[in-house]
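Heads up: the structure comes next, in structure tokens.
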Amino acid sequence: MRKQLKADLGLLSVTVFWGSTFILSKLTLLEIPLLLFLVMRLGMAAVILDVIALKQIRLLNRKTLLHGAVLGLFLYLSYFFQMWGIQYTTASNAGFITGLSVVMVPIFSYLIFRIKPSFNVALGIVLAVIGLFLLTGADLFSFNSGDFLVLICAVTVAFHIIYTGKFAPQHHVLLLTAVQLTVVALLSVSALLFYDFSQRVISDTAWWVVLYLAVFGTVYPYLMQTQMQRFTTTTRTALIFAIEPVFAALFAFIVAKESLELSGWFGGFLIVLGMIFSELSVLHVPFTKKNRQWKSQ
């Protein structure tokens, strides 16, 4: 269980870096068009990781290529449908609906692999979903085509988490992640075939930000996810990732002084509380109805 706790902490570090990317991406998109921005970030990440993985190239086999391609496809589809859907819905709705992957992961895990979440994790999921709703301020009473597209994004995110957990123990982590990001980068480049960026001038600051996003927002997170999901469950991974909007709100406040209403901070508290509940099973501290108190085993 100690390995699982360390894995969960490693995944938590991923959400910190991902949280920092939101405000930086928002500011950079004022200068760089979205499609070009994605290709720059993902392409740079793929090149960096491929160079690092060259020393291990002799271990690359068909199975790693296949599984890496599957994960890369899920990851690309999540980017694609979120990017497409957010054009027709609000950012708050997109954030909440994408976060619903925290519910989809245990459902799909049960339907596909018959894996049931523990009581603590199930309770954590409920708290996280309520927290996400409050944090994002989503309005789902007028569900539209954009919301549906983002819902497809959430499904692909869920499958990416599930199959990362399934494939990661079977492969060299560095090679599997490198193949995955290379596939995402190649698919992203295809979207630029009809895009004219010959007149685009990009500042040095923007290049440095994209480099940060490539290394700490892409290479590190997916390497860490692939490595750490070998020692924890897919459902707990999804629940930990649900805390990402909390860090995004914190960085937005620190960097751009973006304010958050009281309900949003309370939502963030519920998400953190949900993650804590899920970790109680790792720490062997279950809740017993008999005496209504926490008791160590």
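Every number here is computed from the coordinates shown, using simple stated rules; none is lab data. Given the structure is predicted, the values throughout are model-derived calculations rather than measurements. Neighbour counts are summed over all protein chains in view; Cβ atoms, including those assigned to glycine, are modelled from backbone coordinates with ideal geometry.
When the chain is treated as a Gaussian network with alpha carbon springs shorter than 10 Å, the biggest mean-square fluctuation among ILE107, ILE162, ILE243 belongs to ILE107. The chymotrypsin sites (Phe, Trp or Tyr not before Pro) of region 81-155 meeting both criteria, a DSSP state outside H, G, I, E and B (loop) and at most 15 other C-beta atoms within 10 angstrom of the site's C-beta, are TYR88, PHE141, PHE143.
Averaging 1/r across all pairs of distinct Cα atoms in region 17-172 and inverting the result yields a Kirkwood radius of 17.5 Å. Taking PHE266, PHE241, PHE277 as the candidate residues, the one with maximal mean-square fluctuation in a Gaussian network model of the chain, Cα springs under 10 Å, is PHE266.
Pairs exceeding 31 Å between alpha-carbon atoms, taken from LYS6/LYS116; LYS3/LYS26; LYS55/LYS166; LYS3/LYS116: LYS3/LYS26. Here the Gaussian network model covers the chain, with springs between Cα atoms less than 10 Å apart; of SER188, SER118, SER78, SER118 fluctuates the most. Hey, could you grab the Kirkwood Rh for the chain? Inverse mean 1/r over distinct alpha carbon pairs, Å, one decimal. About 19.8 Å for the chain.
For region 122-242, compute Rh as the Kirkwood radius over C-alpha pairs and then the Stokes-Einstein diffusion coefficient at 20 °C and 1.002 mPa s; write the answer in µm²/s, rounded to an integer. For the chosen part, D equals 123 µm²/s. Spin-label model, PHE141 to TRP265: label points 7 Å out along the Cα-to-beta-carbon direction sit 2.7 nm apart. Reported value for region 128-168: 78 Å³ per residue, from the convex hull of its C-alpha atoms.
Counting only alpha carbon atoms, the long axis of helix 34-53 and the longest principal axis of the chain meet at about 80°.
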